[in-house]
Amino acid sequence: MRNVYVVTHAQSLHHIERRVGGWYDTSLTALGREQAEKTGQFIKSAIDSTDVQLFSSDLKRAAETAGIIGKHLQKPVTLDSRLREMSYGDAEGKPQSWFNDQIEPQPNDGNRLDHRVYTGAESRFEVAVRVSAALTDALDKGARDTVIVSHGFASTFLFMAWMKVPADHMDYCNFSAKPGSVTMLHEDDLFGSRSVTYLCSTAHLKI
């Protein structure tokens, strides 16, 4: 048996400033730190083993969230740039209004995997490949429980990679992961079947 807890980083400055995130590197807000504390308490209560490993995107908002969770778990954080959000290229740090006006929407059909929403942005396929590789390497460490702190859109690719969906079949998938949300992924010992126990839960933030 093994479990993976995917955490979306808590509220960051770019959220309240209404700026495009991606690789635009901002820290947590006061509310974000509070959300991270509650998330750390929840994760600690959910895991009944000391065989735990903790990974995080190296961007500030994720690393700071992971650091708070690590304090509750009494575990170090391994930073991995492959767990970053999608890079939005020229749009990063721009006002959300600029983002909405300038975005190049993905086509409903045709090649969605290689589409880039802005100049210099990553494609879905590039994000899928790097995130999938990060998950594989984390699981190869062999811990019973793994906690991964990532980002809202990047989390979609972690969920799909967990279900062993190939990167070239991730062209339509999307899940809404709010700041501080937690998803629990489970693999059973008998069949090696992988499941989603709960998805993008924020119930712990309301306590």
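Summed over the stretch 76-110, the residues that are in a loop (DSSP other than H, G, I, E, B) and in contact (Cβ under 8 Å) with a residue 40 or more places away in the chain give a count of 9. Among the candidates 182, 149, the residue that is buried (at least 21 other Cβ atoms within 10 Å of the Cβ), touching a Cys at 6+ places or on another chain (Cβ under 9 Å), closer than 24 Å to residue 20 by Cα and in contact (Cβ under 8 Å) with a residue 60 or more places away in the chain is uniquely 182. Residues in the stretch 114-125 that are in contact (Cβ under 8 Å) with a residue 24 or more places away in the chain and either crowded, with 19+ Cβ neighbours inside 10 Å or under 13 Å from residue 153 (Cβ atoms) (or both): 117, 118, 121, 122, 124. Looking only at the stretch 11-23, decide whether some residue is among the acidic types (Asp, Glu) and assigned to a helix (DSSP H, G or I). No, because not a single residue in the stretch 11-23 is among the acidic types (Asp, Glu) and assigned to a helix (DSSP H, G or I). The single condition among (1) touching a helix residue (DSSP H, G or I) at 6+ places or on another chain (Cβ under 6 Å); (2) surrounded by 16 or more Cβ atoms within 10 Å (Cβ to Cβ); (3) closer than 27 Å to residue 88 by Cβ; (4) not hydroxyl-bearing (Ser, Thr, Tyr) that residue 204 does not satisfy is (3). Go through the stretch 48-74 and give me each residue that's surrounded by fewer than 19 Cβ atoms within 10 Å (Cβ to Cβ) and not in a helix (DSSP H, G or I). If the condition is that a residue be surrounded by fewer than 19 Cβ atoms within 10 Å (Cβ to Cβ) and not in a helix (DSSP H, G or I), then 48, 49, 50, 51, 58, 74 are the ones that fit.
Only one of the listed residues (128, 138) is buried (at least 18 other Cβ atoms within 10 Å of the Cβ), part of a helix (DSSP H, G or I) and either acidic (Asp, Glu) or touching a Pro at 6+ places or on another chain (Cβ under 9 Å) (or both). That residue is 128. Checking each residue in the stretch 72-101 for being out of contact with any Asp or Glu (no Cβ under 9 Å at 6 or more places or on another chain), basic (Lys, Arg) and closer than 23 Å to residue 144 by Cβ picks out only 75. The residue pairs whose first member lies in the stretch 1-25 and is touching a residue at least 12 places away in the same chain (Cβ under 8 Å) and farther than 26 Å from residue 140 by Cβ, whose second member is in a strand (DSSP E or B) and of a type in the set (A, V, I, L, M, F, W, C), and whose beta carbons are closer than 8 Å, counting only pairs six or more residues apart or on different chains, are 10/28; 11/28; 12/28; 13/28.
Of all positions in the stretch 1-10, at least one carries a residue that is outside any loop (DSSP other than H, G, I, E, B), hydroxyl-bearing (Ser, Thr, Tyr) and under 13 Å from the mean Cα position of the chain (by Cα).
Residue 72 satisfies every condition listed in (1) over 11 Å from the mean Cα position of the chain (by Cα); (2) in contact (Cβ under 8 Å) with a residue 40 or more places away in the chain except (2). For the stretch 12-32, the tally of residues that are buried (at least 22 other Cβ atoms within 10 Å of the Cβ) and within 9 Å of residue 61 (Cα to Cα) stands at 3.
None of the figures in this text is laboratory data; all of them are computed from the coordinates on show. Computed from a predicted model, the values in this text were never measured in an experiment. Cβ atoms come from the backbone with ideal geometry, glycine included; neighbour counts cover every protein chain shown.
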